[in-house]
Amino acid sequence: MTTIAHISDVHLPYHEKITLPQLLNKRITGYLNWKLNRGHAIENTALKSLMAHLKTQQYDHLAITGDLINLSLEQEFALGQQWLKTIEPPSRAMLIPGNHDIYVPSGKSYMAHYWHEYMEGEQADERHPFPFWRQVNDVALIGCNSAIATPPFFANGTFSRRQEKLLEKLLIKTKEMGLFRIVMIHHPPHDDVMNIWRRGLTNRHRFKRVIKKHGADLILHGHLHKSEIKSLPGPEGEIPLIGIASASMGPNAGQPPARYNLYKIEKLNEKFSCTLHEYGYHRFGDEIEKRSELVLT
């Protein structure tokens, strides 16, 4: 049995002073959104309680599907590095970026400097950091990057032709190795996204095309701040596509409250079974408990 834990959209609260020059770009819209909206909904206490509860579980690896921070300030990346090390060492946690991590172009270099240990693994091409993968027992965790710096009021991601080709290589290799393949991406690669042209995954047809051709066993995403179960077509049937609520959303925020998922994966007679165990808050409760259990494969 291998157990993979999944969280997303941590949005670590940052309360230090932010200077005017730091806001003279897209950050000004994100800062105002934080002050007027998001900051009131996201709770540090909710995140601490959720992660403390997760710590009581027995899992082999933690998958984080992006948006660890909010405005791509260098100080936030340093804060994110500190937080990650309090949760798990790099050998037990794998991170991919979200749009808030690359909110402005400089975020890409800060991310590589502060978080690189959590974004390292075997690459399909050493010249390109994404996609990369790690093996955890009989499981392959494959991390893609859909995050790009976008204009104000846009939060869309993209999936390039290059990533499609490199992901194809990793899917083929890990299938030949007989591994259970989990693909991680921040933006949901399905069509059911409000204002999809502004918030969704552009060029998602490329992601769906490579999945349909080479398959996967499970796809994880974040970004929408809600838990959902959908699917994408694969070569031999539908592949579960799982989204998850923000890990720091308080139970009284008016949005889906914080969740974490555990995927228990077992190989029997050369076939895999995967069961989803969902934990989190009730909408108006303050206790974290098991919310659901579902056999995916």
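The values are calculated or read from the model by the stated rules, or taken from the named source; none is laboratory data. In this text the structure is predicted, and so the values were computed from the model without any measurement. Please note: Cβ atoms are built from the backbone with ideal geometry, for glycine as well, and neighbour counts cover all protein chains shown. Remember, those area values only see protein heavy atoms, side chains included, never the ligands or the DNA or RNA. Shrake-Rupley method; radii C 1.70, N 1.55, O 1.52, S 1.80 Å.
Which aspartates and glutamates have a Cα lying under 12 Å from the Cα of residue 290, excluding residues fewer than 8 positions away in the same chain?
Partners within reach: 278.
Rounded to the nearest 5, what is the percent of antiparallel bridges among the DSSP beta bridges in the chain?
Around 65 percent antiparallel, to the nearest 5.
Let me know the shape class of region 121-211, please: from the alpha-carbon gyration tensor, a ≥ b ≥ c as square roots of the eigenvalues, rounded when a/c is under 1.5, otherwise prolate if a/b is greater than b/c, or oblate.
Prolate, because a/c is 1.5 or more and a/b exceeds b/c.
Could you work out the local net charge near residue 228, counting Lys and Arg as +1, Asp and Glu as -1, over the other residues with Cβ closer than 12 Å to its Cβ?
So the surrounding residues net to +1.
Once a ≥ b ≥ c are taken as the square roots of the eigenvalues of the Cα gyration tensor of region 128-272, is the result rounded (a/c under 1.5), prolate (a/b larger than b/c) or oblate (a/b not larger than b/c)?
oblate
What does DSSP give for region 193-290 in terms of the percent of beta bridges that are antiparallel, rounded to the nearest 5?
85 percent
Where does helix 44-55 land angle-wise versus the long Cα axis of the chain, in degrees 0 to 90, nearest 10?
20 degrees
Compare the peptides 101-114, 218-231 by average per-residue count of other Cβ atoms within 10 angstrom and give them in order, highest first.
Ranked from most to least packed, the peptides come out as 218-231, 101-114.
What is the percent carbon and sulfur in the accessible area of the chain, measuring with a 1.4 Å probe over the protein chains and ignoring ligands?
In the chain, the share of accessible area belonging to carbon and sulfur is 51 percent.
Angle check, please: helix 161-176 long axis (alpha carbons) against the longest principal axis of the chain (alpha carbons), in degrees 0 to 90, nearest 10.
40 degrees
Which whole-Hz ³J(HN,Hα) couplings does region 209-226 yield from phi under the Karplus relation 6.51 cos²θ - 1.76 cosθ + 1.60, θ = phi - 60°, glycine and proline marked x?
5, 6, 5, 5, 7, 10, x, 6, 9, 6, 10, 10, 8, x, 6, 8, 6, 8
Per residue, how much accessible area does the chain have with a 1.4 Å probe, in Å²?
44 Å²
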